[in-house]
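Q: Quick one: the structure is below, and I'll ask about it shortly.
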Amino acid sequence: MNGSKFMQGWVTFEGLLATIAIILVAFDLMLGIVKPADAVKRIGTTLGVVIVLTLIPGVLVCIWSNLTLWRRLAL
């Protein structure tokens, strides 16, 4: 597993999802579907999810790097 290519692809995918989520919140806010206080909560939730998604691949790459060859083959 090449960690750098995996991380670059993951960050691109994550940025795309975050952008889509923030655009949807902006459209909901403009159309009056969501109140401004709820929009702030949704943006905060989106940013929280982005932070968690940023940490997951780093942890997985670290765990994979620390596995011995035999354990990698077993997986």
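The values are calculated or read from the model by the stated rules, or taken from the named source; none is laboratory data. All values derive from a computational prediction rather than experimental measurement. Note: areas computed on protein heavy atoms with side chains; ligands, DNA, RNA excluded. Shrake-Rupley method; radii C 1.70, N 1.55, O 1.52, S 1.80 Å.
Q: Carbon and sulfur atoms: what percent of the 1.4 Å accessible area of segment 1-48 do they account for? Let's see the in-between values first.
A: Details: 2640 of 3590 Å².
Using a 1.4 Å probe with all protein chains present, segment 1-48 comes out at 74 percent carbon and sulfur.
Q: Another question, then. If contacts are Cα pairs under 8 angstrom and at least 6 residues apart, what is the relative contact order of the chain in percent?
A: Details: 24 pairs, mean separation 26.3, N = 75.
Once normalised by length, the contact order is 35 percent.
Q: Residue by residue, what Karplus-based ³J(HN,Hα) values in Hz, rounded to whole numbers, does segment 46-55 have, using 6.51, -1.76 and 1.60 with θ = phi - 60° and x for Gly and Pro?
A: Each residue of segment 46-55 in turn: 4, 5, x, 5, 4, 5, 5, 5, 6, 6 Hz.
Q: Evaluate Rg over Rh across segment 7-60, taking Cα atoms for both radii and Kirkwood's formula for Rh. Mind showing how you got there, number by number?
A: Values: Rg = 12.9 Å, Rh = 11.9 Å.
Radius of gyration over Kirkwood radius for segment 7-60 works out to 1.08.
Q: Another question, then. Before I look further, what does the chain give for accessible area per residue, probe 1.4 Å, in whole square angstrom?
A: On the way: 5840 Å² over 75 residues.
On a per-residue basis, 78 Å².
Q: Another question about this same structure. Just to confirm the number: angle between the C-alpha axis of helix 3-31 and the first principal axis of the chain, 0 to 90 degrees, nearest 10?
A: Helix 3-31 sits roughly 10 degrees off the main axis of the chain.
Q: Taking Cα centroids, how far is segment 40-67 from segment 18-33 in Å?
A: The distance from the Cα centre of segment 40-67 to that of segment 18-33 comes to 22 Å.
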